[in-house]
Amino acid sequence: MQLSKTKQLSLGLQHVLAMYAGAVVVPLLVGSALGLTAAQLTYLIAIDIMMCGVATILQVWKKKFSGIGLPVVLGCTFTAVGPMIAIGNTYGIPAIYGAILTAGLFVILIGSFFSRLVRLFPPVVTGAVVLIIGVTLVPVAMNDIAGGQGSADYGSMTNLMLGFGTLAVILILFRFGKGFLKSIAILSGIIIGTVVAGFMGMVDFSAVGEASWFHLPQVFYFGTPEFHLIPILTMMLVVTVGLVEATGVYFALGDITDKKVEGDDLKRGYRAEGIAIILGGLVNAFPYTTYSQNVGLVQLSGVKSNQIIYIAGGMLILLGLVPKIGAITIAIPTPVLGGAMLAMFGMVIAYGIKMLSRVDFSDQRNLMIVAISVGMGLGVTVVPEMFAIVPENLKVITESGIVMGSTTAIVLNFIYHIGDMGYMKSRKKVETPIGEQVTE
């Protein structure tokens, strides 16, 4: 189906709004914790948004060396927030970017090796990983519906009505909308929710007036990078976590778009992320990873075209270059975003279940793999303080439900199936993550 330019722009904007809050929150949290000035914080947010667009285009643009070629959107990784704050407070801001640049190179170098681990990701693992990603992100959406964790009016009736009202609009449009209207249900819900919030006095456009009209990236804005061993090792761990998350997203998108994801595809995808991390580090942006909410959006809208993602990437670059435009999206109330995120994260969960429907659950081992990995992912998300005794550098792993759950699924699958004769014969016959059999 050929879409008009207006419809393509609307779908691209929908992807931007889906990931924008997360992309802004990361530099906002890190910048505030490191005591940056208003001007420095403005630069950090704008440059991160711009580089999210660059990173997205690099990933969608499939080339011989890099690019997964799937409708994937990249944004700042939440996994890096704690480590970057710790590095900045201990070693200084230049050390953050020395670690980021080194970690980006590390991702490029290990891309080939990591892609060979595809045998560790049969349907029982990839389905569980996608399910875990959705399950562990739902609390983020629920907190936003309540007004945002730590907000003064957290859980107020006004916030709840606005958040669930936005969700209701999305559900109604998805049920009764036809064609294009149905595909932009998320965008329409956000717009209608924001308009209603405006009448309630909950929309603040002051940031628009304060933002500048034009803004260019500067190489090493925060000074020449410094290289220290502990920050570098920490950031390498962070980006490795990102690769595990990305792998699950790649397989989910490959399944949604009916494209088989193989080792070479993974290799190009990892390399694109590494290149994006290096480019971001040069202009003092942050590490990037695939955004799961946009996977849910692809499934909800039913529009799987890479062209839409190119448009979204271009919009992000424009928003970064013109902060005043970008500031408009910051005005969207948190409960409205929360309502939209609940629909998108819920769709990620549903798609994980769909991927697991291909698994043979008459085999008790597969039941145990899913049970324990999902339980571990959800448990760590709900009770992260249980690993308070763990060294600070390892908390990037132990406090992430996605990482703990995904690692559990991979390890259990290896333990339970390595002795299986059918598994050992995989050199001849390999079960791909989308459930097909191919002969090597």
Practice task
Would you check the accessible area of Phe106, probe 1.4 Å, heavy atoms only, in square angstrom rounded to 10?
Solution key: 50 Å²
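Find the eigenvalues of the gyration tensor of the Cα atoms of segment 78-213, then list the square roots of 5 times those eigenvalues as equivalent ellipsoid semi-axes, largest first, in whole angstrom.
Details: eigenvalues 258, 139, 52 Å².
For segment 78-213, the ellipsoid semi-axes come out as 36, 26, 16 Å.
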Exercise for the section: Scan the chain and note any complete DSSP helix (H) whose C-alpha atoms cover at least 30 Å along its axis and whose Kyte-Doolittle average is -0.5 or more. Expected result: 5-33, 38-60, 93-115, 123-145, 229-256, 334-356
Problem - Solvent-accessible heavy-atom area per residue, rounded to whole Å², over the chain at 1.4 Å - result: 42 Å²
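Given a 1.4 Å probe and heavy atoms of the protein chains only, how would you sort Met355, Met368, largest accessible area at the top? Mind dumping the intermediate values first?
Details: Met355 5, Met368 85 Å².
Of Met355, Met368, the descending order of accessible area is Met368, Met355.
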Practice task
Calculate the spin-label point distance for Phe176 paired with Val203, positioning each point 7 Å from the Cα along the beta-carbon direction, and give it in nanometres.
Solution key: 2.3 nm
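Over the chain, calculate the relative contact order: mean separation of alpha carbon pairs under 8 Å at least 6 apart, over the residue count, as a percent.
Details: 779 pairs, mean separation 142.6, N = 440.
About 32 percent, as a whole number.
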Completion exercise
Set Lys7/Lys267; Lys178/Lys354; Lys259/Lys395; Lys5/Lys354; Lys5/Lys304, cut-off 27 Å on Cα-Cα distance; pairs above it are Lys7/Lys267; Lys259/Lys395; Lys5/Lys354
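At a Förster distance of 22 Å, what's the computed FRET efficiency of Lys324 paired with Phe65, Cβ-Cβ distance as r, to 0.05?
Working: r = 36 Å, r/R0 = 1.65.
Here the calculated transfer efficiency is 0.05.
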Handout entry: Normalised per residue, the volume of the convex hull around the Cα set of segment 53-125 (Å³)
Key = 140 Å³
Exercise for the section: Can you sort Trp61, Trp213 by 1.4 Å-probe accessible area, starting with the largest? Expected result: Trp213, Trp61
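Counting only C-alpha contacts under 8 Å and six or more residues apart, can you give the relative contact order of segment 161-200 as a whole percent? If you can, show how the numbers build up before the last one.
Values: 26 pairs, mean separation 18.9, N = 40.
Taking the mean separation of contacting Cα pairs over the length of segment 161-200, I get 47 percent.
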Exercise for the section: Order Ser212, Ser357, most accessible first, counting only protein heavy atoms with a 1.4 angstrom probe. Expected result: Ser357, Ser212
Exercise for the section: Show the residues, 5+ positions off or on another chain, whose built amide H is closer than 5 Å to the amide H of Val73. Expected result: Tyr291
Practice task
Could you tell me what percent of the accessible area of the chain is made up of carbon and sulfur, with a 1.4 Å probe and every protein chain present?
Solution key: 67 percent
Handout entry: Label of the coordinate-derived value, Cα extents along the principal axes in Å, listed as (1) 66, 56, 44; (2) 73, 55, 40; (3) 65, 46, 43
Key = (1)
Practice task
Quick one: pull the percentage of alpha-carbon pairs in segment 207-275 with a separation above 19 Å.
Solution key: 60 percent
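For Ser112 and Ile415, calculate 0.36 nm times their separation in residues minus their Cα-Cα distance, and state this gained length in nm to one decimal. Working shown, then result.
Numbers: separation 303, 0.36 × 303 = 109.08 nm, distance 2.39 nm.
Extending this stretch completely gives an extra 106.7 nm.
Stretched out fully, how many nm does the piece from Leu367 to Thr398 gain, at 0.36 nm a residue minus the Cα gap?
8.8 nm
Ordered by packing density, taken as the mean number of other Cβ atoms within 10 Å over each peptide's residues, highest first, how do 153-159, 255-261 rank? Please list the in-between numbers first.
On the way: 153-159: 14.0, 255-261: 17.1.
Those peptides, ordered most packed to least, come out 255-261, 153-159.
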Practice task
Please give, to one decimal in nm, the separation of the simple spin-label points placed at Ser156 and Met142, each 7 Å out from Cα toward the Cβ.
Solution key: 2.2 nm
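Can you figure out the FRET efficiency of Ser212 with Thr6, using R₀ = 30 Å and their beta-carbon distance, to the nearest 0.05? Write out the running numbers ahead of the final one.
Working: r = 29 Å, r/R0 = 0.96.
Between Ser212 and Thr6 the formula returns 0.55.
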Problem - Alpha-carbon Debye profile of segment 272-369, log10 I(q)/I(0) at 0.19 Å⁻¹ - result: -1.18
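The values are calculated or read from the model by the stated rules, or taken from the named source; none is laboratory data. Everything numeric here is computed off the predicted structure, so don't read it as measured data. Cβ coordinates were reconstructed from backbone atoms using ideal geometry, including for glycine residues, and neighbour counts include every protein chain displayed. Accessible surface areas use protein heavy atoms only, side chains included; no ligands, DNA or RNA. Shrake-Rupley method; radii C 1.70, N 1.55, O 1.52, S 1.80 Å.
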